[in-house]
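Here the structure comes first, spelled out in structure tokens, and everything after it is commentary.
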Amino acid sequence: MKLPEKIYLTVPTSWAELNDNQLYYIFGLFADNLSSAQIKAYCFFTWSGTKLLCRYGDGYLAKRGKEEFTLTSAVVASAIHALDWVDVLPDIPVRISKIKGAKAAEPTLVGFAFERYLYCENLYQGYLQTQQHHLLNEMAHLLYDSDKITPNQAEKIGIFYWWMGLKSYYARQFPHFFQSVSDNANLLHANVNRPPTSAELQQAMNAQIRALTKGDVTKESQILAMDTWRALVELDAQAREYEEINKTMKK
């Protein structure tokens with residue numbers, strides 16, 4: 001049997017390239033508590049469509065489609081480094097588009113009510129403090145607009161990764177507001193060395209609502225129903241104005 005001297009295998013190069021099936025697959029591997037090397041090896045063979053058939057010399061006989069070829073252990077060890085990006089949390093919002101028929105919100109939460117965003121953030125912070133998975137279930141109910149779904153472990157991990165990526169994305173899109181958050185400044189008094197307490201979360205939520213209503217309580221319902229993206233645009237603008245005022249006063 002003559003085996004090819006070269007074979008070209010392709011795998012995704014970032015979180016942004018993963019489809020629903022691939023997200024389910026990797027989140028399922030995370031749920032199994034495998035090592036980083038094991039996860040990347042499984043992903044490499046599955047996503048490249050490659051199967052290991054048997055031992056062959058100092059490596060393995062592998063197959064992709066109808067084509068058979070050999071892989072040495074050294075080549076495999078080197079190749080899985082193409083998936084080193086899976087070791088890093090996504091910096092963009094990636095999410096499974098459907099859970100048990102329920103459709104996910106838009107990845108960046110365009111069209112998502114600000115009140116729901118605040119509730120999801122509180123649930124997320126609560127999960128960081130307690131590791132209670134029912135909080136991720138509640139996030140799923142909001143993000144997939146269905147109180148009937150019960151996400152499995154892979155889907156819960158997907159919820160967590162979606163929110164982590166979203167927060168990283170928002171920090172770049174709204175740098176003035178989220179910088180003020182990190183610096184314990186004007187709008188959200190968060191301690192970056194630990195997850196905030198329930199009282200701090202409530203205080204933070206109230207501070208954001210007050211900033212948007214400018215103290216007019218009659219506007220609260222309107223603000224809570226506002227699109228999340230629009231609310232964050234306004235909060236970012238207010239944080240920028242606050243920074244400019246501070247700089248002027250220091251001068």
Query raised in the report: Taking region 34-72, which residues are under 17 Å from LEU89 (Cβ atoms) and of a type outside the set (A, V, I, L, M)?
Result: SER36, LYS40, CYS43
Query raised in the report: In region 96-145, which residue that is in contact with a Lys or Arg (Cβ under 7 Å, 6 or more places away or on another chain) and in a helix (DSSP H, G or I) is nearest to ARG230 (Cα to Cα)?
Result: LEU142
Query raised in the report: within 25 Å of PRO151 (Cβ to Cβ) and free of Cβ contacts under 8 Å to residues at least 40 places away in the same chain: does that describe LEU52?
Result: no
Report task. Among the residues of region 103-127, write down those that are at positive phi and either surrounded by fewer than 19 Cβ atoms within 10 Å (Cβ to Cβ) or out of contact with any helix residue (DSSP H, G or I) (no Cβ under 6 Å at 6 or more places or on another chain) (or both). Result -> GLY111
Requested in this report: Give me a count of the residues in region 33-65 that are in contact with a strand residue (DSSP E or B) (Cβ under 8 Å, 6 or more places away or on another chain), in a loop (DSSP other than H, G, I, E, B) and surrounded by 12 or more Cβ atoms within 10 Å (Cβ to Cβ).
Outcome: 3
Report summary line: Expected output for region 234-246 (first residue within 12 Å of PHE178 (Cα to Cα) and of a type in the set (Gly, Ala, Ser), partner modelled with pLDDT under 75 and not in a helix (DSSP H, G or I), Cβ below 8 Å, 6+ apart or cross-chain) is ALA239/ALA185; ALA239/ASN186; ALA239/LEU187
Report task. Confirm whether PHE27 is of a type outside the set (Asp, Glu) and closer than 25 Å to TRP163 by Cα. Result -> yes
Query raised in the report: Are there any pairs with C-beta distances below 9 angstrom linking a residue in region 97-121 that is closer than 14 Å to ASP20 by Cα to a residue that is in a helix (DSSP H, G or I) and of a type in the set (D, E, K, R), with the two at least 6 apart or on different chains, and if so which?
Result: SER97/ASP20; LYS98/ASP20; ILE99/GLU155; LYS100/GLU155
Query raised in the report: With respect to the numbered conditions (1) within 21 Å of LYS156 (Cα to Cα); (2) loosely packed, with under 15 Cβ neighbours inside 10 Å; (3) in contact (Cβ under 8 Å) with a residue 12 or more places away in the chain, which one is the sole condition not fulfilled by GLY28?
Result: (2)
Report summary line: How many residues of region 150-173 are surrounded by fewer than 17 Cβ atoms within 10 Å (Cβ to Cβ) and among the β-branched types (Val, Ile, Thr)? The answer is 1
Report task. Within region 86-93, identify whether any single residue is part of a helix (DSSP H, G or I) and surrounded by 14 or more Cβ atoms within 10 Å (Cβ to Cβ), and answer yes or no. Result -> yes
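A quick yes/no check of all residues on (1) of a type outside the set (S, T, N, Q); (2) modelled with pLDDT of 95 or more; (3) under 16 Å from the mean Cα position of the chain (by Cα):
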residue	(1), (2), (3)
ILE96	yes, yes, yes
LYS100	yes, no, no
GLU106	yes, yes, yes
LEU109	yes, yes, yes
GLU115	yes, no, no
LEU118	yes, no, no
GLN125	no, no, yes
LEU136	yes, yes, yes
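The values are calculated or read from the model by the stated rules, or taken from the named source; none is laboratory data. Remember, predicted model here, so these are calculated numbers, not experimental data. We place every Cβ from the backbone using ideal geometry, glycine too, and count neighbours over all the protein chains shown.
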